[in-house]
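Before any comments, here is the structure.
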Amino acid sequence: MDFTLTDDRRMLADTLERFLADRYDHPTRMKIADSEAGWSREMWGEMAELGLIGALFSEEEGGFGGHGHDIALIFERLGRALVVEPFLGALAARALPDAPREEVVAGTLIPAFAHSEPATAFDPARLSARVENGRLTGHKVAVANAEAADIFLVSALEDGAPALFAVEAGAASLTPYALMDGGRGADISFVAAPAARLDTPLDLVLDRALLALSAEALGVMERCKDTTIDYLKTRRQFGVPLSKFQALQHRAVDMVTEIEQARSAVINAAHHLGTDQGPRYAAAAKYTASATGRMIAEETIQLHGGIAMTWEYDIAHAAKRLSLLAQILGDEDVHLMRFAGM
């Protein structure tokens, strides 16, 4: 398996990294995440103009990417910058018909992906949401960017089989709240809401989402690791940098090693996306990213000491983001059981 980025992907990565470094620093991110909307429509428009949304879509879908490695590349860098804009919803919107999909790529139609329910974080077979005669009834929880959405991509059972449906935002009832790491989310209720069934298999939509979340967690972990190592090199105790203490060196090395394990799992999931083995590798990636993310969050906080708990310091936000990502669409226990059963 060749891990080298193609020239096009390297150019995309460089463009995204420069944009985020110039336009999405930590103070800007805090201002956006703490705003009433919890995201920036202006920033979203700039990202669309740069082609960052289009890179999630294949050429047939009106974009110029769409491969698993494109998804992983983009979400890893979004994670590193702790971006709160609705990229997960945009990724799910690949299932939409041509006309609304073009609006998503252009940044003018805002989608949100609604899958998790109170009784099940992931398993499609256990969904309580139902569609009968083109009407969807059910309840979804922890839907990111729900207040901003123009359209919801909702999982539900129809005739006993799980599928994905498009529901206009006006047909839903929202209970919004602030997310633990910044940004906004909501619980959503649908009562006989008009729903259009989409052709893309729900399993593929979920595999893409799991890959994206795992890659995003990888980016957050990289940020934590780099910041922690810099801190150990700078902070002094007993007249020497903390990085001189062997016990702390070992803990830093453990962080690097575990992150590389997570990276391998993400690469495998990206490579096998859309194949028969796709669900298995997506489950492995989500398990590894969730378990490793918790470990990295804990080590980052402990190696920084009290400063890591201050809201003004970016590491506090990164650790919270890792904790949240570990729960979205199922935690490590859920996906370890899925992997073992495949």
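The values are calculated or read from the model by the stated rules, or taken from the named source; none is laboratory data. In this text the structure is predicted, and so the values were computed from the model without any measurement. Methodologically, a virtual Cβ is constructed for each residue, glycine included, from the backbone with ideal geometry; neighbour enumeration extends over all protein chains shown.
Residues to consider are Met295, Met309; find the one that is surrounded by fewer than 18 Cβ atoms within 10 Å (Cβ to Cβ), among the hydrophobic types (A, V, I, L, M, F, W, C) and modelled with pLDDT of 95 or more.
Answer to the selection: Met295.
Would you pick out the residues in the range 196-220 that are of a type in the set (A, V, I, L, M) and touching an Asp or Glu at 6+ places or on another chain (Cβ under 8 Å)?
Selection gives Ala215, Leu218.
Counting only residues that are among the hydrophobic types (A, V, I, L, M, F, W, C) and crowded, with 19+ Cβ neighbours inside 10 Å, which one in the range 124-141 is nearest to Ala326 (Cα to Cα)?
The qualifying residue nearest to Ala326 (Cα to Cα) is Leu127.
Here are Thr300, Thr228, Thr275: which of them is outside the structural domain of His69 (by the TED database) and touching a His at 6+ places or on another chain (Cβ under 9 Å)? Steps first, answer last, please.
Numbers: Thr300 fails: touching a His at 6+ places or on another chain (Cβ under 9 Å); Thr275 fails: touching a His at 6+ places or on another chain (Cβ under 9 Å).
Criteria check complete, one pass: Thr228.
Considering the range 193-249 alone, what residues qualify as being outside any helix (DSSP H, G or I), among the charged types (D, E, K, R) and over 16 Å from Ile301 (Cα atoms)?
Arg197, Asp199, Arg236
Within the range 158-193, how many residues are over 21 Å from the mean Cα position of the chain (by Cα) and charged (D, E, K, R)?
3
Would the range 99-115 turn up any residue that is of a type in the set (A, V, I, L, M, F, W, C) and without any contact (Cβ under 8 Å) to a residue 24 or more places away in the chain?
yes
Can you name the condition, by its number, that Glu85 falls short on among (1) surrounded by fewer than 23 Cβ atoms within 10 Å (Cβ to Cβ); (2) within 18 Å of Asn145 (Cα to Cα); (3) in contact (Cβ under 8 Å) with a residue 24 or more places away in the chain; (4) of a type in the set (D, E, K, R)?
(1)
How many residues, within the range 110-137, are over 27 Å from Leu336 (Cβ atoms) and over 19 Å from the mean Cα position of the chain (by Cα)?
So the answer is 8.
Here are the criteria: (1) free of Cβ contacts under 8 Å to residues at least 60 places away in the same chain; (2) in a loop (DSSP other than H, G, I, E, B); (3) among the β-branched types (Val, Ile, Thr); (4) not assigned by the TED database to the domain that holds Lys140. Tell me which single one Thr120 does not satisfy.
All conditions pass for Thr120, except number (4).
Answer yes or no as to whether Pro97 is of a type outside the set (Gly, Ala, Ser) and either closer than 16 Å to Gly45 by Cβ or not assigned by the TED database to the domain that holds Arg18 (or both).
no
How many residues are surrounded by fewer than 20 Cβ atoms within 10 Å (Cβ to Cβ), part of a helix (DSSP H, G or I) and not charged (D, E, K, R) if we restrict to the range 15-63? Full working, then the answer.
Just the residues of the range 15-63 that are surrounded by fewer than 20 Cβ atoms within 10 Å (Cβ to Cβ), to begin with: 15, 17-19, 21-23, 25-28, 30-31, 34-37, 41-43, 45-46, 48-51, 58-60, 62.
From the residues that got through so far, the ones that are part of a helix (DSSP H, G or I) too are 15, 17-19, 21-23, 26-28, 30-31, 41-43, 45-46, 48-49, 59-60.
Subsequent filtering for residues that are not charged (D, E, K, R) retains 15, 19, 21, 26-28, 30, 43, 45, 48.
Final tally of qualifying residues: 10.
Look through Leu5, Leu12 and report the one residue that is in contact (Cβ under 8 Å) with a residue 24 or more places away in the chain, crowded, with 16+ Cβ neighbours inside 10 Å, among the aliphatic types (A, V, I, L, M) and over 19 Å from Ala144 (Cβ atoms).
Leu12
Tally up the residues in the range 108-123 that are surrounded by fewer than 22 Cβ atoms within 10 Å (Cβ to Cβ) and at pLDDT 95 or above, please.
4
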